[in-house]
Amino acid sequence: DVKVTQSSRYLVKRTGEKVFLECVQDMDHENMFWYRQDPGLGLRLIYFSYDVKMKEKGDIPEGYSVSREKKERFSLILESASTNQTSMYLCASSFTPPEGKLFFGSGTQLSVL
Amino acid sequence: RKEVEQDPGPFNVPEGATVAFNCTYSNSASQSFFWYRQDCRKEPKLLMSVYSSGNEDGRFTAQLNRASQYISLLIRDSKLSDSATYLCVVRLFTGGGNKLTFGTGTQLKVEL
């Protein structure tokens with residue numbers, strides 16, 4: 001079974017802090033994605049990566065950056081957390097081409113106070 | 001107009017009922033379509049792909065209507081365990097690669 005593991009299930013941070021969300025997948029997938037999910041807005045793509053050290057902006061990249069130094073690991077960084085970044089963050093991975101089959105991690109509920 | 005639109009529900013149905021959801025998409029060049037299921041406070045999981053000719057997987061039937069730009073999901077003989085949010089996903093190939101757009105989901109509650 002594909003496993004996508006996110007480092008924290010719940011996280012509470014203060015405004016202005018630098019926040020790291022980690023994601024690891026064990027299926028040798030080329031593609032990895034970061035989404036955020038908010039009530040009434042659905043899943044929105046923040047960044048994705050189709051290879052090591054490669055990254056592409058999604059629909060809402062502002063305030064975020066990413067890092068992919070190894071194939072299995074994709075990190076989301078909030079440079080200076082703000083309250084409007086309080087959300088559920090979901091990491092996903094897939095083979096190439098991604099088609100429609102994404103494997104998601106269990107999510108990180110981030111609260112920024 | 002949103003790229004992918006779904007009725008948020010909730011759809012409250014008795015066990016054993018048949019229920020159907022629709023999902024409309026705005027870009028006629030969209031190429032592939034999928035239904036995901038998301039349980040409360042869990043991650044989304046692929047339920048089924050939607051093929052042009054329609055397809056079934058047990059009690060679930062998915063259909064595509066390209067002319068009217070919508071897909072549908074029909075659930076027969078609803079079970080309590082079908083209670084979840086159903087997300088419609090549309091794939092579009094752009095210059096930057098494959099783009100997947102998620103709908104906001106339709107909530108189903110199956111009751112005794």
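We did not get these values from a lab; they are worked out from the coordinates using the rules stated. This one's a predicted model, so the numbers in the text were calculated from it and none came from an experiment. Cβ placement follows ideal geometry from the backbone for every residue including glycine, while neighbour counts extend to all protein chains displayed.
Structure summary
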read-out	value
Residue mean of other protein chain beta carbons inside 10 Å, A:99-110	5
Value of Rg to Rh for the range B:38-93 (Rh from inverse mean 1/r over Cα pairs, i.e. Kirkwood)	0.98
Residue A:57/residue A:101 FRET efficiency (R0 22 Å; Cβ-Cβ; nearest 0.05)	0.45
Average beta-carbon neighbours from other chains, 10 Å sphere, peptide A:47-53	1
Antiparallel bridges, percent of DSSP beta bridges restricted to chain A (to nearest 5)	90 percent
Span from the the range A:19-88 Cα centroid across to the the range B:17-73 one, whole angstrom	26 Å
9 Å beta-carbon shell around residue A:75, net charge (K/R +1, D/E -1)	0
Zero-based 10 Å bins, Cα pair distances in chain B, whole percents	15, 48, 30, 7, 1
Order of B:46, A:102 under a 10 Å beta carbon neighbour criterion, fewest first	B:46, A:102
Distance between modelled label sites at residue B:74 and residue B:111, nm, 7 Å Cα→Cβ extension	2.5 nm
Cα gyration tensor, the range A:1-53 - rounded (a/c under 1.5), prolate or oblate	prolate
Cα-projected label distance for residue B:39 with residue B:12, points at 7 Å along beta-carbon direction, nm	2.3 nm
Hull-based mean projected area of chain A, where the convex hull spans the alpha carbons, in square nanometres	6.5 nm²
Local electrostatic count, residue B:107, Cβ distance below 12 Å [Lys/Arg +1, Asp/Glu -1]	-1
Farthest positive-ward along chain B dipole, Cα basis, beta-carbon charges - from B:4, B:38, B:92	B:92
Ratio of the Cα radius of gyration of the protein assembly as shown to 2.2 N^0.38 Å, where N counts its residues	1.03
B:71, A:77, A:46 arranged by Cβ crowding within 10 Å, fewest neighbours leading	A:77, A:46, B:71
Rh by Kirkwood over Cα pairs, then Stokes-Einstein D for the range A:46-110 at 1.306 mPa s and 10 °C, µm²/s	124 µm²/s
Net lengthening on full extension, residue A:65/residue A:17 (0.36 nm per residue, minus Cα-Cα)	15.9 nm
Residue pairs, from the table A:13/B:99; A:71/A:101; A:55/B:45; A:18/B:45; A:18/A:70; B:45/B:99, whose Cα atoms sit over 26 Å apart	A:13/B:99; A:18/B:45
